[in-house]
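To start, the structure itself, in structure tokens.
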Amino acid sequence: GCVLVVSVIEQLAQWHNSTVKAAVERLCNYIPGKYQIIRHMLCCIDKEMNADVVCHSLRLCKQDPGQPLCHLYSSPKREKHSSGLFYALAHARLKCQIIYKTFMGFSSVCAFPLLANLCEKMKYVLRNKLPFEDFDRDKFSTFPTLRGYHWRGRDCNDKNTTVYPGRRPDNWDVESDSNCNGIWGVDPKDGIPYEEKFCKGAGSKGVVLLGDSAGAHFHIPPEWMTVTQMTAKSFANLPVAFSDELDWPQFSEITGFLNSTIGGWTDSLYLRLRKRNRCNHRDLQNISQNGGSSGNLLSLIKSLARNQLLDNPAIVIYATIGNDVCNGERDTLAHMTTPKEMRSNVVQALRYLDSHLPNGSHVILTGLVDGRFLWDNLHDRYHPLGQLNKDVTYSQLYSFLDCLQVSPCSGWLTPNETLRNLTSERALQLSNVLKEIARSEKFASFDIFYMDFPLRQTAEEWRKMGGEPWQLIEPVDGFHPSQIAAALGTGITWQKALHEWPQVLGKENPFNDQIEAIFKDQGGH
């Protein structure tokens with residue numbers, strides 16, 4: 001984090017031909033007030049010190065005994081017989097002693113007074129994976145972030161635990177909207193409740209994602225670190241991004257429901273189900289987490305909100321597409337999920353779903369991605385941090401993260417082709433486990449299907465549209481599917497379901513146009 005921030009400050013000074021102090025002030029003016037802790041770094045930065053030197057001098061980056069000195073940029077050049085980076089550090093640490101002591105006064109970034117309140121909220125959300133603002137504790141919220149309605153359908157009465165998206169209507173919602181789909185009351189022409197008239201027998205069902213950071217749609221806006229594009233507007237979404245864990249589920253492939261503001265366009269399984277049957281409005285849950293795997297999904301799944309007796313059936317997408325083979329460990333192969341562990345984890349999750357999902361639900365198991373696509377299409381391209389001076393490639397970024405042992409995937413984000421192939425081999429083994437489970441296991445509450453992660457088809461579709469493969473990958477982290485990839489993936493998944501599992505999607509509601517017409521006449525109610 002320090003290296004990224006200091007890099008941006010130094011590049012701002014270069015781009016605007018200003019002092020470092022002026023660049024810090026410029027960046028601070030861009031960033032919302034409570035996040036301006038970078039002012040504390042000011043006295044330790046000058047144009048002669050690159051970001052690696054500054055951050056090691058501040059001791060925000062450190063070198064453990066016996067470990068390499070991690071750096072993003074090439075070492076500063078000095079005499080041939082000297083280590084430029086070690087020499088630069090020795091001189092820089094004298095300058096940084098005062099600010100180092102200032103930082104050490106805080107046990108963590110959350111100890112900064114302006115961030116303490118936000119951090120407490122984030123700790124609750126990260127621990128429970130439930131909305132922070134949820135007064136009736138029905139697991140749905142009227143607040144967007146902190147696991148609120150960006151993640152789950154918006155509650156329409158946060159003071160009544162029996163009112164929430166996805167439930168079957170209470171007495172056909174004659175008096176109030178118990179399932180938050182906006183359809184309630186009685187048609188004065190014939191005395192029939194609107195919910196009964198339009199939704200009875202329509203096969204209403206919700207969509208639930210059990211997934212990882214790809215499903216939650218992890219995204220760091222590239223304009224946050226591309227100084228040639230940076231303006232005050234670049235950081236307007238910073239508070240929302242942080243309080244949503246740098247995830248954007250409201251634009252995601254499975255549960256997206258808002259028009260994308262991060263490039264590309266939004267197309268999601270939820271939006272298509274809603275278009276197919278307007279009675280499905282707001283019935284969505286994105287139960288994903290950064291780092292989600294088949295193992296930790298066993299605790300995450302307990303945040304599912306579905307009553308087997310009172311609620312509509314659901315389509316559940318089980319998609320942990322990488323983290324069972326991805327980790328930041330030096331001996332990455334030893335820390336991958338084995339086929340035996342994968343089977344045990346997935347079957348446990350399915351048994352939990354069988355005891356919580358209403359009858360008539362469906363589960364789709366999604367195979368793991370072949371992550372060799374990442375290195376093949378990005379390694380020699382310049383990262384947003386390296387575009388100004390042509391000095392940081394994705395290969396350098398991957399090596400830096402791997403050195404710090406925080407790589408999102410040491411097995412795929414590596415120049416070691418053998419290791420990349422072994423990682424893909426394990427991913428294929430785990431996908432085959434999922435395929436076998438879908439073929440052989442039976443459950444009372446749902447039927448079960450398998451589909452490969454559609455990366456190849458997505459890339460082919462994008463090429464037909466004139467795009468390049470690297471545009472399907474998030475530019476900042478160089479790891480996650482981009483907004484374009486998410487939208488294209490939705491269409492591929494939908495077509496497969498239409499042709500192979502039409503019972504999953506249900507029939508089209510013939511009253512959709514009438515519902516929308518009444519909504520317009522009544523001002524949206």
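Condition test on Glu474, is it under 24 Å from Phe251 (Cα atoms) and either open to solvent by 40 Å² or more (accessible area, probe 1.4 Å) or over 29 Å from the mean Cα position of the chain (by Cα) (or both)? The answer is no for Glu474. Of all residues in segment 403-427, those satisfying the criterion of being open to solvent by 50 Å² or more (accessible area, probe 1.4 Å) and either assigned to a helix (DSSP H, G or I) or not β-branched (Val, Ile, Thr) (or both) are Leu404, Gln405, Pro415, Asn416, Glu417, Thr418, Asn421, Leu422, Glu425, Arg426. Considering the conditions (1) more than 19 Å from Lys129 (Cα to Cα); (2) in contact with a helix residue (DSSP H, G or I) (Cβ under 6 Å, 6 or more places away or on another chain); (3) modelled with pLDDT of 95 or more, Leu284 is excluded by exactly one of them, (1). Considering segment 177-204 alone, what residues qualify as being under 22 Å from Thr161 (Cβ atoms), open to solvent by 20 Å² or more (accessible area, probe 1.4 Å) and touching a strand residue (DSSP E or B) at 6+ places or on another chain (Cβ under 8 Å)? Within segment 177-204, just Trp184 meets the criteria. The number of residues in segment 479-505 being in a loop (DSSP other than H, G, I, E, B) and among the hydrophobic types (A, V, I, L, M, F, W, C) comes to 2.
Restricting attention to segment 262-301, the residues that are in contact (Cβ under 8 Å) with a residue 12 or more places away in the chain and farther than 30 Å from Asp177 by Cα add up to 13. Every condition in (1) touching a helix residue (DSSP H, G or I) at 6+ places or on another chain (Cβ under 6 Å); (2) part of a helix (DSSP H, G or I); (3) open to solvent by 30 Å² or more (accessible area, probe 1.4 Å) holds for Glu508 except the one numbered (2). Counting only helices (runs of 4 or more DSSP H) wholly contained in segment 108-223, the ones carrying 1 or more residues that are in contact with a Lys or Arg (Cβ under 8 Å, 6 or more places away or on another chain) and closer than 30 Å to Leu4 by Cβ occupy 113-128. Can you find a residue that is of a type in the set (A, V, I, L, M), closer than 26 Å to Thr337 by Cβ and assigned by the TED database to the domain that holds Gly263 anywhere in segment 474-486? Scanning segment 474-486, I find at least one residue that is of a type in the set (A, V, I, L, M), closer than 26 Å to Thr337 by Cβ and assigned by the TED database to the domain that holds Gly263, so the answer is yes. Looking at Trp462, Trp470, just one residue is of a type outside the set (Ser, Thr, Tyr), assigned to a helix (DSSP H, G or I) and in contact (Cβ under 8 Å) with a residue 60 or more places away in the chain, and that residue is Trp470. For segment 150-173, enumerate the residues that are surrounded by fewer than 23 Cβ atoms within 10 Å (Cβ to Cβ) and within 23 Å of the chain's Cα centre (by Cα). Passing the criteria: only Arg154. Screening Asp331 against (1) surrounded by fewer than 22 Cβ atoms within 10 Å (Cβ to Cβ); (2) touching a Pro at 6+ places or on another chain (Cβ under 9 Å); (3) acidic (Asp, Glu) leaves a single unmet condition, (2).
Please tell me if Gly264 is under 21 Å from His383 (Cα atoms) and touching a helix residue (DSSP H, G or I) at 6+ places or on another chain (Cβ under 7 Å). In short, yes.
The values are calculated or read from the model by the stated rules, or taken from the named source; none is laboratory data. This is a predicted model, so every value here is computed, not measured. Neighbour counts run over all protein chains shown; Cβ positions are idealised from the backbone, glycine included. These accessible areas exclude ligands, DNA and RNA; they are computed on the full protein's heavy atoms, side chains included. Shrake-Rupley method; radii C 1.70, N 1.55, O 1.52, S 1.80 Å.
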